[in-house]
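J.: If you scroll down you'll find the structure; I have some questions about it.
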Amino acid sequence: MEFFGDRESTADPRGLADALEQSLALASALAAGPQRHGAIATSLVMAGQLAQGLGDVADGEPRAQPLERAAMALVSRVARALWRSWRTGGRSRPAPSAAHVRWPAPLPATIRVREPEGYGLYALYPETYAVAARSLAGDPDLTVVGIRSIGTGLAAMVAAGAGTRGPPLSVRPSGHPFDRRFELTPVLSTAARRGGTFAVVDEGPGLTGTSFAAVAGALLRAGVPADRVHLFTSHAWPPGVRAPPHVRALFERLPRHFVPFEALFLSPGRLSLAALAEDAIGRATAVEDLTGGEWRSRLYSDPADWPPSEGWLERRKHLVTAAGARWLARFAGLGMVGERKLARARALADAGVAPRPAALRHGFLFEPWLDGARPLDRAGAPRAALLDVLRRLVSLSASRPRRTEDGASPAELAELVRVNAGEALGPAGAEAARHLEELLPEVTRQARPVEVDGKMQAWEWLVLGDGRLQKTDGVDHHAAHDQAGCQDALWDVAGAQLELGLSDAEALRLAEAARAVGPGADPSLLPFYRTCLAALEVGRWTYAAENEPPGAERGRRDRALARYRRALGRELALLRRGASLRARATRGASSVSSGAGSPPGSWR
């Protein structure tokens, strides 16, 4: 089943190094406190990406290895600055020279850098790794190994917390994400023969844990005792349901180190979540966890009405009470990714689609909690208000700059449909998916990828007391962990059809409103996007369901999966018939989404 995807782009390493110097200069200029600490964390993310890109170059070109070592030394200096800042509550100043480095060779013209998902999506805070590493402090024979991509910065934090002065090593296992392989580098082989302790550092484990297992297994094969191979992970759970038995056995055998987010940021302190935005909203008097679907208890009186939760794929969020008002603190991301989401949140507010954010502090976006708002009910939705807010939302997306590297291509989307339709509907589904190929040339020629909203489900909308609608979580679905990413504005029009019951005529008008703002795909290509969106949701809820034990939540996820399977089957049937959207809209045909297996007003 296809769903997950990585974000990778081309970058100029010299430009990254210059931006890093500016980031640390900004940190030095800021007053002590959360903003300065967040600026140092931004610098760590940037340094880690630079080291990741140069490390990948060095893997294929040994002459670039001195550049990688210099980059890892740079990451280490920034990590030590962040660790000092954490221990002093944001009062220490970053070393002014932390970003200055003499490169031992000319930098390549370009590198490929990846967005570290943990920093951007899963509230993975590097400080937790340094705290966890204090258990290995004082070990003179400690070798720290970071698994790229995010392992560059995390390994530097482990080294900082353990007091290791030398920079860590970085490696990248190869192969399919569900079956990673790794052979020790010459440097690691020498270290393994010499003996000592090894810290293997990455986020996760994810669905399979094979990246951790590949590196740790190579060390064990080289003769390192199991009690000397320590795993530093981002959570305490075992690998996911797709982990092979030997990987599960490895995780049970090796020592693991993990400090949860709550232990650091929900405890009293100058850099706690309660204090992060004190300058903007006042000192918090209460912080309540709404993560993992807990937000539903605030909006629905009956759990029977709850929509399904994606569990660990949901962004961390908290309800913060400060100065008599309530605020939603939602994780937006460390580094520049958080700044981009702040800019989008402001643009959404300017368009009247979402509340205006008060602040971005160390990865958390603070925005007003909409007291008295109720979830959107498709059956009783104020139609004019719904169509108006949808028009403003898709028009905003259509006006954004083109983003060609940040999303799946039309051909990749078509392949996702073929794979997921085959697994969900059998060989007939995979065969029916081939009808997408007839639309591929036109979609490829016309599509203009932009930062779409990406999720139009009814539970993503709130109705205010005056009847206005507001979009929730609208800042980063285009930058999530799924394959879709940035797409043509028709992606959101297709989502509105599937999720909100838009008729063909309404969808046509919405698509034309988007095209009036910026060039993009013709509305006649909406069947392509509806089919791809349904297939992506089949992948989403397949993984969500299989990672949840039997119970009420599993039932919600299973029903969501069944709904999208039906939707996918219906879209494939429409493709086979070659029905024209414009013709159906002219005839006033009923909404395509009406047959998706969900009665109006219900997510089921």
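The values are calculated or read from the model by the stated rules, or taken from the named source; none is laboratory data. This structure is a prediction, so every number in the text was calculated from the model and none was measured. In this analysis, Cβ positions are derived from the backbone assuming ideal geometry, glycine residues included, and neighbour counts consider all displayed protein chains. Side chains included, ligands, DNA and RNA excluded: accessible areas come from the protein's heavy atoms. Shrake-Rupley method; radii C 1.70, N 1.55, O 1.52, S 1.80 Å.
J.: Scan region 487-529 for residues that are surrounded by fewer than 24 Cβ atoms within 10 Å (Cβ to Cβ) and either touching a Gly at 6+ places or on another chain (Cβ under 7 Å) or of a type in the set (Val, Ile, Thr) (or both) and jot them down.
T.: The answer is 505, 517.
J.: To continue, here is another question. Just to be sure I understand, how many residues within region 400-418 are β-branched (Val, Ile, Thr) and surrounded by 16 or more Cβ atoms within 10 Å (Cβ to Cβ)?
T.: Total meeting the criteria: 1.
J.: Take the residues in region 125-145 that are open to solvent by 10 Å² or more (accessible area, probe 1.4 Å) and either assigned to a loop (DSSP other than H, G, I, E, B) or of a type in the set (Phe, Trp, Tyr) (or both); name whichever of them is nearest to residue 184 (Cα to Cα).
T.: Per the criteria, the residue is 141.
J.: Another question, if that's okay. Considering each residue of region 7-17, count those that are of a type in the set (Asp, Glu) and open to solvent by less than 70 Å² (accessible area, probe 1.4 Å), and give that number.
T.: Here the count works out to 1.
J.: Could you run through region 450-476 and say how many residues are part of a loop (DSSP other than H, G, I, E, B), closer than 27 Å to residue 7 by Cα and charged (D, E, K, R)?
T.: The number of residues fulfilling the criteria is 5.
J.: Identify the residue in region 50-85 that is touching a helix residue (DSSP H, G or I) at 6+ places or on another chain (Cβ under 8 Å) and without any contact (Cβ under 8 Å) to a residue 24 or more places away in the chain and, among all such residues, is most open to solvent (accessible area, probe 1.4 Å).
T.: The qualifying residue most open to solvent (accessible area, probe 1.4 Å) is 65.
J.: Under 6 Å between Cβ atoms, which residue pairs at least 6 apart in sequence (or on different chains) link something in region 530-546 that is in a helix (DSSP H, G or I) with a partner that is open to solvent by less than 10 Å² (accessible area, probe 1.4 Å) and among the β-branched types (Val, Ile, Thr)?
T.: Close Cβ pairs (under 6 Å, with a partner that is open to solvent by less than 10 Å² (accessible area, probe 1.4 Å) and among the β-branched types (Val, Ile, Thr)) amount to 531/417; 532/417; 535/417.
J.: What pairs come up if the first residue lies in region 297-314 and is within 17 Å of residue 460 (Cβ to Cβ), the second is among the hydroxyl-bearing types (Ser, Thr, Tyr) and assigned to a loop (DSSP other than H, G, I, E, B), and their beta carbons are under 9 Å apart, counting only those six or more places apart or on different chains?
T.: Listed by first residue and then by second, the contacts come to 305/602; 306/300; 307/300; 313/122; 314/291.
J.: Still on this model: Condition first: out of contact with any Lys or Arg (no Cβ under 9 Å at 6 or more places or on another chain), without any contact (Cβ under 8 Å) to a residue 40 or more places away in the chain and among the β-branched types (Val, Ile, Thr). Can you find one or more residues in region 191-211 that meet it?
T.: no
J.: Is there any pair linking a residue in region 408-422 that is charged (D, E, K, R) to one that is open to solvent by 10 Å² or more (accessible area, probe 1.4 Å), with Cβ under 8 Å and at least six apart or on different chains, and which?
T.: 412/483; 415/2; 418/430; 418/434
J.: Across region 20-49, what is the number of residues that are over 16 Å from residue 77 (Cα atoms), touching a helix residue (DSSP H, G or I) at 6+ places or on another chain (Cβ under 6 Å) and of a type outside the set (D, E, K, R)?
T.: Going through region 20-49 one residue at a time, the tally reaches 3.
J.: Restricting to region 239-288, give me the number of residues that are assigned to a helix (DSSP H, G or I), small (Gly, Ala, Ser) and open to solvent by 20 Å² or more (accessible area, probe 1.4 Å). If you could, list the steps in order and put the result at the bottom.
T.: First, the residues of region 239-288 that are assigned to a helix (DSSP H, G or I): 245-253, 261-265, 273-276, 278-281.
Subsequent filtering for residues that are small (Gly, Ala, Ser) retains 249, 263, 274-275, 280.
When the remaining residues are screened for being open to solvent by 20 Å² or more (accessible area, probe 1.4 Å), the result is 249, 263, 274, 280.
Going through region 239-288 one residue at a time, the tally reaches 4.
J.: What are the residues in region 233-262 that are of a type in the set (S, T, N, Q) and under 11 Å from residue 210 (Cβ atoms), if any?
T.: none
J.: Here's something else I'd like to know. Filter region 396-449 for residues that are in contact with an Asp or Glu (Cβ under 7 Å, 6 or more places away or on another chain), hydrophobic (A, V, I, L, M, F, W, C) and not in a loop (DSSP other than H, G, I, E, B) and give the result. First the steps, then the outcome.
T.: Kept after step one, since they are in contact with an Asp or Glu (Cβ under 7 Å, 6 or more places away or on another chain), are these residues of region 396-449: 397, 400, 403, 414, 416, 419-420, 446-449.
From what is left, the residues that are hydrophobic (A, V, I, L, M, F, W, C) are 414, 416, 419, 447.
Hits for region 396-449 are 414, 416, 419.
J.: Can you tell me how many residues within region 226-238 are within 27 Å of residue 193 (Cα to Cα) and either outside any helix (DSSP H, G or I) or open to solvent by 40 Å² or more (accessible area, probe 1.4 Å) (or both)?
T.: Matching residues across region 226-238 total 7.
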